[in-house]
1. So what is the diffusion coefficient of segment 28-142 in µm² per second by Stokes-Einstein at 10 °C and 1.306 mPa s, using a Kirkwood Rh over Cα pairs?
2. State, to one decimal in nm, how far the label point of Glu16 lies from the label point of Arg57, with both points 7 Å from Cα in the Cβ direction.
3. As I understand it, the dipole of the chain uses +1 on the Cβ of Lys and Arg and -1 on the Cβ of Asp and Glu, about the Cα centre. Which of Pro172, Met1, Pro31 lies farthest toward its positive end?
4. Nothing charged except the Cβ atoms of Lys and Arg (+1) and of Asp and Glu (-1): what's the magnitude of the dipole of the chain about its Cα centre? Round to the nearest 20 debye.
5. If contacts are Cα pairs under 8 angstrom and at least 6 residues apart, what is the relative contact order of the chain in percent?
6. Mean-square fluctuation check for the chain, GNM, Cα pairs under 10 Å: which of Leu59, Leu168, Leu262 is largest?
7. What does the charge count near Asp177 come to, summing +1 for each Lys or Arg and -1 for each Asp or Glu among other residues with Cβ under 12 Å from its Cβ?
8. Would you mind counting up the charge near Val241? Only other residues with Cβ under 10 Å from its Cβ, with Lys and Arg at +1 and Asp and Glu at -1.
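The values are calculated or read from the model by the stated rules, or taken from the named source; none is laboratory data. Quantities reported herein were computed from a predicted structural model and do not represent experimental measurements. Note that each Cβ is placed from the backbone with ideal geometry, even for glycine, and that neighbours are counted across all protein chains shown. The area values use the complete protein model at the heavy-atom level, side chains included, leaving out ligands, DNA and RNA. Shrake-Rupley method; radii C 1.70, N 1.55, O 1.52, S 1.80 Å.
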Amino acid sequence: MIETRLLRQFVAVAEELHFHKAALRLHMAQPALSQAINRLEQKLGFALLERDRRGVRLLPAGAAFLQTAYTVLGQLQQGVEHARQVSQGVAGTLTITSVSIAGYPWLLDALKQFRQAFPKVQLVIKEMPSASQAKALITGEADIAFLRRLPGLADHIESRLLLDEPILMALPVDHPDAGNAAIELKDFADADFVFTPQVLGSGYHHQLIALCEAAGFYPRVVQEADQLHTLIGLVACGFGVALVPESIARSITGDKVVFVPLSVSPSTIGLYLNWSTDNPSPLPGHFFSVLEGAL
C-alpha cells in the first residue's frame, strides 16, 4: 500500500525538482521529505529521481509515475467531493417506484422540477405493481413508492394518503353502455371481468371485489393481466370489462376503450406516498419538498 501522503510529497518534489523548495511548500523538514521519497522508492522497487550535485531530475520511471500520481490524487479528490455532495443531498441516486407515471401529471411535474433543482442526482423511475413496490421499499431497493394501500407493511415504512381517485368502468367502445354518463355497477353482475392478480396488490384487488359485492354480486373474472395497460388491451379486444382508477384513463390513448364513472359511492381508491424511516439519505426529504409544490 502506498499512502496518498507519499504521492503528494513525490508530486511536490517532481514539480519543484528541488527538495528544499518542495519541503517549504509542504511545510515539513527537508530531511523528512528526503526520507519519505526514499521510502516510496523502496515500496515501488525502482528509482524515481536522480540526485546529484547539479540537483534533482526525474528519471523516465519517475515521469511515468508522476502521471499515475496525478490520476490517483485527482480521482481521490473527485471521490471526496462526490461523497460530500451525497452527504449534503445534492448528489447520489434516488429510486422512485409507482403504479403509474403517465397517469399523474403532478408526479411528472415533480420529477421535472426535481431534476432541474438537483441535476447531479440520478433519478431511477420504475413502474411496478403495489406488492412489488412494497418489497422494494422494505429491502431498500426503492427510496420512495407511490402505491395502493397494502396491509401489513413493515414498522419502518411510513405512508401518507396523497389522493383518492375515482374508479371507472373500462368498456369496449361498442359496448351498449359506452355512451352513458354513468353506470350502475349492479347492472354488470352477469358481465365478464378482467382483473389484475391479487398477488400484485391485495389491497387494490380486495377493494374492487368489495365494491362489486356491495353492488350485490361477485365478479366473474375470465382473464387476468399483470399490467393495467395490458388489462385495457384485453377490454379493447372484448375479453370483458374492467374496474380501473381514473389515472389509467388519463394515460390511455386510442378510441377502442371508453371509461365511464360509477354511480355508486364510495367509488374511489387511494394512492399513498410511502417511504422508509430507516433511510439515512436526505434525498427523499428533498423530493418531498418538491412534491408539495407540485400537488
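1. The diffusion coefficient I find is 83 µm²/s.
2. The answer from the label model is 2.1 nm.
3. So the residue furthest toward the plus end is Pro31.
4. 2240 debye
5. 21 percent
6. Largest GNM mean-square fluctuation: Leu59.
7. -3
8. Local net charge: -2.
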